[in-house]
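Okay, so here's the structure we're looking at.
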Amino acid sequence: MTDRFNFDLKAKRIRLSDGDLIVALQAAAEALGKGYFTSPQYDGLAGKRPHSATIIDRFGSWKKALALIGITGGRERRHSPEQLIANLEAVWKQLEYPPGKRQIATLGEKISESPYRRHWGSVLSACEALAAFHEGKISREQLLAGNPDEPTRTTIPLKDRWAVLKRDNYRCVKCGASPSNDHAVELEVDHILPVARDGGNTLDNLQTLCRRCNQGKKDR
Ligand SMILES: [Zn+2]
């Protein structure tokens, strides 16, 4: 018996839905373990799955596709609090004034503000802690311990981010923007009642917003 291929001119190209692609990404994330993975790592997995090129084409970039399943940060290296502080000191000395998020991202080791935000609440808070240490007001241990209360409470577990994005159909609940229609759209999971005002990490306090609507909300 031979398989006869049918060169059917009327055969339709199967267009996978956004949901199909996202399910494939989630399956890969589970297979590879937690956190960021590259498109070659994804394509290297055993089994049949949509090619990474299809996913990149649909969502604009690999990074944006991963953001849809709650994986952000890209190839960001993990920095220890010691490294973060050493970098902050170096950049501060170079500038001769306390760096903000833009300076920290472009000078020294070019570390984004996010690890500073996670550990101290913000780059400014990290600067305040560093100054307090040099003035002898806090110990080095206290400096490196950061402000664990603030940032950890704002961290939404990955599986909850997935659940919220899926529930909201991978669209901004305010304006309906979706990365599959517009590659410039970046979705974020937002606390409806802010953590600072005792809003929790429960699913009913979380919603999907595009970056623009989320920024608009923060500015108000
Ligand atoms: Zn929006």
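Taking each DSSP H run with n ≥ 4 as -39500 (n - 2.57) and averaging over every residue of the chain yields -13500 deg cm²/dmol at 222 nm.
The charge dipole of the chain, taken about its Cα centre with unit charges on the Cβ atoms of Lys, Arg (+1), Asp and Glu (-1) only, comes to about 760 debye.
Restricted to Cα atoms, region 81-154 shows a radius of gyration and a Dmax of 11.3, 33 angstrom. If you wrap the tightest convex hull around every Cα atom of region 178-220 and split its volume per residue, you get 66 Å³. Arranged from fewest to most other beta-carbon atoms within 10 Å of their beta carbon, GLU89, GLU141, GLU113, GLU82 become GLU141, GLU82, GLU89, GLU113.
The smallest convex shape that holds all Cα atoms of region 79-220, its convex hull, gives 135 Å³ per residue.
Other residues whose C-beta falls under 13 angstrom from the C-beta of HIS134 contribute a net charge of 0, scoring Lys and Arg +1 and Asp and Glu -1. With respect to the chain, whose longest principal axis is taken over its alpha-carbon atoms, helix 123-134 is tilted by about 30°. The C-alpha atoms of the chain define a longest principal axis, and helix 18-32 lies at about 60 degrees to it. At a Cβ-Cβ separation cutoff of 4.7 angstrom, cysteine residues of the chain with no neighbouring cysteine are CYS127, CYS175, CYS213.
Here region 190-220 and region 25-60 have alpha carbon centers that stand 29 Å from each other. Within the same chain, lysines fewer than 8 places from LYS166 are excluded, and of the rest, those with a Cα less than 26 Å from its Cα are LYS34, LYS48, LYS63, LYS64, LYS174, LYS217, LYS218.
Just so you know, all these numbers are worked out from the coordinates, no wet-lab data involved. None of the values given here were measured: they were computed from a predicted structure. Here Cβ is always computed from backbone atoms with ideal geometry, including for glycine, and neighbour counts include all displayed protein chains.
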